[in-house]
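Encoded as structure tokens, the structure appears first; notes follow it.
Since every read-out is calculated from the coordinates, none of them should be taken as a lab result. Note that the structure is a prediction, hence the values are computed from the model and not measured. Reconstructed Cβ throughout: ideal geometry from the backbone, glycine too, with neighbour counts over all protein chains shown.
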Amino acid sequence: MPVPDRGRSRLIPSLHMFSVISIKVSNGEFVNYCYAIVDSASNEALLIDPAWEMDRIEHSLSGAALKGVLLTHSHRDHADLACHFASRYRVPIWISREESEYYCFELPGLLHLPDAGLLRIGPFEVWSFLTPGHTAGGVCYLVENNLFSGDTLFAEGCGYCSERGADPYAMYRSLQLLKRTILPNTLVFPGHSYGQLPGQTFASLLKTNIYLAFDDERKFVQFRMRGEWGFNQPV
Ligand SMILES: [Fe+2]
């Protein structure tokens, strides 16, 4: 999946009136964020990572016509309600080919993201960045000035890299890709919060998120994997 050029003014010819609605949902110990993006002109919407609380998510759509469901990765706390909304609105679900194939993740209506990185859905131009590390085929989505970073990047850290398909070396490269590509004034909407509200600027994260401060792969991996079996060497 190629990386969009950092000079994104060429990729976004005009700004729409999109609003991002952050929806905090929970199920027992799981607390996470899904998001609705609504185009005020057409009253059309996208959902990102719908899970757990069907009524709350439906209410957030406020009658907008859902055009598609985007999944950052296949973990259940991000994908639990994808099928429900896809079938209710008869729209596709998108995920990366890498994620789907690695985990044999299949759902009715599931489509693979285009290799070119750009997906046009109604009024929305969605750029997908393949950002493995937390999972084998995780992605971040950029819609205008908004980055939906799933479990790749949180305001306070980055996703853990210890389950099947995870790779801390890939996580390092994914974060470096974001550092090279995402503009400072981009608003970041992660899959979880550990204190800060969604919608912080990338510039703010660059100042406060220690995982974005590393420029040495080995040191990053040892820090990310501290306490994990086999990764207890001193930095
Ligand atoms: Fe996850």
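Of note:
- Exposure proxy ranking for PHE154, PHE30, PHE18, based on other Cβ atoms within 10 angstrom of each Cβ and starting from the fewest, stands as PHE30, PHE18, PHE154.
- Within the chain, antiparallel bridges make up roughly 70 percent of the DSSP beta bridges whose residues both belong there.
- Long-range amide H partners of GLY138 with built H, under 5 Å: THR131, GLY133
- SER42-GLU217 FRET efficiency (beta carbon distance; Förster radius 41 Å; 0.05 resolution): 0.40
- Packing order of peptides 93-105, 72-84, highest average first: 72-84, 93-105 (average count of other Cβ atoms within 10 Å over each peptide's residues).
- Relative intensity of the chain on a log10 scale, I(q)/I(0) at q = 0.10 Å⁻¹, equals -0.43, per a Debye sum over C-alpha point scatterers of equal strength in the absence of solvent.
- As a proxy for reagent exposure, ranking LYS67, LYS207, LYS179 by other Cβ atoms within 10 Å from fewest up yields LYS207, LYS179, LYS67.
- Helix-only mean residue ellipticity at 222 nm for the chain, each DSSP H run of n ≥ 4 adding -39500 (n - 2.57), per residue, nearest 500: -6000 deg cm²/dmol
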